[in-house]
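> Supplied in structure tokens, the structure appears directly below.
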Amino acid sequence: MADSSTASASMTAMAVAATALRAQQARMRVIAENMANADSVSTTAGGDPYRRQIPVFSPITVPGTGGAKGVTMSSAAPDQTAFRSEYQPGNPSADAKGYVKLPNVDPLVEALDMRDAQRAYEANLTVIETARQMQSSTLDIIKK
């Protein structure tokens with residue numbers, strides 16, 4: 001039965017794309033957090049400021065799809081890139097030499113990552129819409 005396998009294939013495609021939508025949504029939340037903290041400094045003298053987080057993705061088996069693989073954002077790992085420092089002797093967060101550690105967040109990189117995540121999200125929405133159109137076309141053919 002072609003209609004059953006078509007429906008199954010399109011449902012699998014939608015389920016896999018849905019996992020990617022959730023993963024990209026989580027990625028965008030991490031990027032937004034990074035951007036929000038791009039200027040956050042330590043509350044203690046000489047302490048470490050906000051450390052950029054990097055999304056970590058992992059493959060998952062999508063339930064009810066016969067073993068199809070999807071993706072999830074499993075965690076956010078701290079970026080070990082060195083902090084920037086700036087001479088600000090009057091700042092309460094400055095160390096003994098007058099330097100303040102600034103977050104290792106580059107707003108330009110975050111903006112590019114956000115755009116990449118948005119495009120991936122949109123691509124997966126297109127997959128879901130195409131699968132729905134396939135199901136609709138199959139139903140229209142069956143009705144005739």
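The values are calculated or read from the model by the stated rules, or taken from the named source; none is laboratory data. Predicted model only: the values in this text are computed from it and were never measured. No Cβ is skipped: glycine too gets one built from the backbone with ideal geometry, and neighbour counts run over all protein chains shown. Ligands, DNA and RNA are excluded from the accessible area calculation, which covers all protein heavy atoms including side chains. Shrake-Rupley method; radii C 1.70, N 1.55, O 1.52, S 1.80 Å.
> How high is the relative contact order of the range 1-132, in percent, counting Cα pairs under 8 Å that sit 6 or more residues apart?
This gives 33 percent for the range 1-132.
> Mind listing the phi-derived Karplus ³J(HN,Hα) values for the range 119-132, rounded to whole Hz, using 6.51, -1.76 and 1.60 with θ = phi - 60°, and x for any glycine or proline?
5, 5, 4, 4, 4, 6, 5, 5, 4, 5, 5, 5, 5, 5
> Ordered by residue, what ³J(HN,Hα) values in Hz, to whole numbers, does the range 98-110 give under the Karplus form 6.51 cos²θ - 1.76 cosθ + 1.60, where θ = phi - 60° and Gly and Pro are x?
x, 9, 10, 7, 10, x, 8, 9, 9, x, 5, 4, 5
> For the chain, which whole percent of the accessible surface, found with a 1.4 angstrom probe, sits on carbon and sulfur atoms?
Working: 5030 of 8780 Å².
The nonpolar share, carbon plus sulfur, comes to 57 percent.
> Provide the per residue accessible area, probe 1.4 Å, for the range 1-117, rounded to a whole number of square angstrom. Please report the intermediate quantities before stating the final value.
Values: 6610 Å² over 117 residues.
Per residue, the range 1-117 has an accessible area of 57 Å².
> On to the next question. Could you sort VAL127, VAL71 by their accessible area in this structure, using a 1.4 Å probe and putting the largest first? Before the final figure, lay out the partial values.
Values: VAL127 65, VAL71 45 Å².
Per-residue accessible area, sorted high to low, gives VAL127, VAL71.
> So, by mean Cβ neighbours within 10 angstrom, what's the order for 20-31, 39-50 with the highest one leading?
Details: 20-31: 19.6, 39-50: 14.8.
The most tightly packed comes first, giving 20-31, 39-50.
> Right, here's the next one. Given 10 °C and 1.306 mPa s, compute D for the chain with the Stokes-Einstein relation, Rh being the Kirkwood radius over Cα pairs; round to the nearest whole µm²/s. Don't skip to the end; give the middle numbers.
On the way: Rh = 18.1 Å.
Approximately 88 µm²/s, per Stokes-Einstein.
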